[in-house]
Structures are given as structure tokens and as C-alpha cells.
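Just so it is clear, none of the values below were taken in a lab; they were calculated from the coordinates. Only a predicted model underlies this, so the values are computations on that prediction, with no experimental measurement involved. Positions of Cβ are backbone-derived with ideal geometry, glycine not excepted, and every protein chain shown enters the neighbour counts.
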Amino acid sequence: MAYLNREGRYRALYTNLETAQTAREDVDRGMAAMCSALGRSARLYLQDGRLADWYLDGGAQVPADERLLRLLESWAAADPRPAVLLLDEVDALVGDTLVSLLRQLRAGYTQRPDHFPQTVVLCGVRDLRDYRIHARSEASPITGGSAFNIKAESLRLSDFNALETAALLAEHTKETGQPFTPEALERVWDLTRGQSWLVNALAFLQRVVNGDGTLEREYAIGAGRMDLCLRYGPLTLGMELKVWRDGAPDPLTEGPEQIDGYLAGLGLDTGWLVIFDRRSGQPPIAERTNSREVTSPAGRRIQVVRA
């Protein structure tokens, strides 16, 4: 985004759509969240308040099934430079909300570049044509059909190999001074198998620690031990890590009950359960990585990440 904007030939905008995930099948809520995210991003990155102003000046009343289309149409027409839109976490959306997003992008395709972004990049952990969308509005799952046929190219960030993973962590050490022992490097590789999001998520936790937070491993609580306890200011985050190996039951069966006890000791209502699937015959980690929220036996909200 910064490179394209510096060059001056295009207007480029990055927006994370993850806040629309909780809308699920509610298209109106989903579009409201997406339009709001676009407005915030444009104001933050481009000092451009036109998207937010459009929404506040009546755009919120436009029917949800064409609200995003009209917003992007207005934004593209306001500047002669072609617009480039990068939408991240698209595959966090589900059902009719995702269908509506794709339909509106397809509807605007023929209006490029004067009245719609010239290029739209959808970022996520899956290829667009691999989506199988289960929507209430459709009798059967939607696959790579008409909502998908404007795709130009797929660019996949491959998983790191063991040497690349070690090199990435070495860059972290160079920047922060925080070393990794050979045992730690081996453990990172064993858990992540080089999946870029997971490797960086572990580096992210360490950056929080370097910013005056604390990350306690094998945190003793009550009669048990939680794998990770992250503290940063008033925030306390409990995480339990599980490895699912051949012949063993799904850790999700007992994981929420186990983490319940840990969270009770910390006085928390929410926590994280991360399951690393190391069974043989599994699809690539980029394809199987997903997250969802479950409710523990005691009623706590547990974010389950499978990788």
C-alpha cells in the first residue's frame, strides 16, 4: 500500500474486515462493519474522510446488498487515479455476508476504473476458488461459480522451511536482542511447521513481552499448569496448547473443561485453546488453519484455533 501511494499513479487502501466476522449471516450488520472499517482505514492511512462521510451522510440507509458497491463507486469516482483495494481476513466472513461481499465486488467489476477500484486483492488463508460457502439463502454450498469468476491470479505465501523459520527468528533476535535456544527453535518448528501466521503469532507474543508485558510459560495455577499466561497492563490472557497426534482423541473433547479450571483460577471469562494437528495425511497447514469460538462447560468463551 505505502509503495503504491508513494509512486503516485494509484490510490491504495488496506482494510482488515475481521470485525465483520461476528455478523455471521446478518448481511446488514456485516456491511455496516465493512463500510465502517473502510472509512476508518481511509482516514487513518490516506487522511481521506470521504468514505466515512459518505456513510454518515446517508450511505448507511442504502440497502445492504448494494451498500459496499455504492461506497466504492463513490470513492473511485472522486479521484482520477485508479484505486487499489486490499481486503484482509476475507475468509473470516461466513454465509450470506461473504456471498454479498463477493456479489457486490463482481457487480462493480465492469465499472472499473472510473467508478470502481481497478484492482481488489482478497487476502486470507485460502484460495478464493477453494471456498465452499454455506449460506441460508442458498439450497446447496456455493463453490467456485459466478461470484468467483473475476479472479485474475492467486498468489500464495508458501510455508517456511526449517531453515527459513530459524532465519526469521534470527531477525527477531537481531531487532530485539531476545535469543532463541536451539531447543526453542526446534519447538517452534515442531508446532508451526513453518506456517507463516503461526510463526509470526509466536513472535508477536514475544514483542508484547518486550513492550513491558510478561509471558509465563508452564504457568502454575492451582493443582495444574497452563501453557502460556500473557500479562500486558490490565490484560491477562490464558492459552492452552495441545498437539493432536496419530491415535489420540481430538484435544477439543477435554480441552475446554481443562482450561475452565485454569481460567477460574485467573478470574477470567475467556481463554484460548490452540490445537496443532500433527496427524499424518492432513492437508497443508494453510488450508486447515481455522478458528472458532466454543463455550466451555462452565460457560466461558474459548477461542479455539486449529492449525
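Side notes on the structure shown:
- Qualifying residue in the range 12-30 (condition: more than 30 Å from Thr289 (Cα to Cα) and either outside any loop (DSSP other than H, G, I, E, B) or among the small types (Gly, Ala, Ser) (or both)): no
- Number of the condition not met by Phe116 [criteria: (1) more than 17 Å from Ala42 (Cα to Cα); (2) buried (at least 19 other Cβ atoms within 10 Å of the Cβ)]: (1)
- Tally, over the range 275-300, of residues that are among the basic types (Lys, Arg) and within 18 Å of Glu257 (Cα to Cα): 2
- For Leu87: the one exception among (1) of a type outside the set (Gly, Ala, Ser); (2) closer than 30 Å to Arg306 by Cα; (3) in a helix (DSSP H, G or I): (3)
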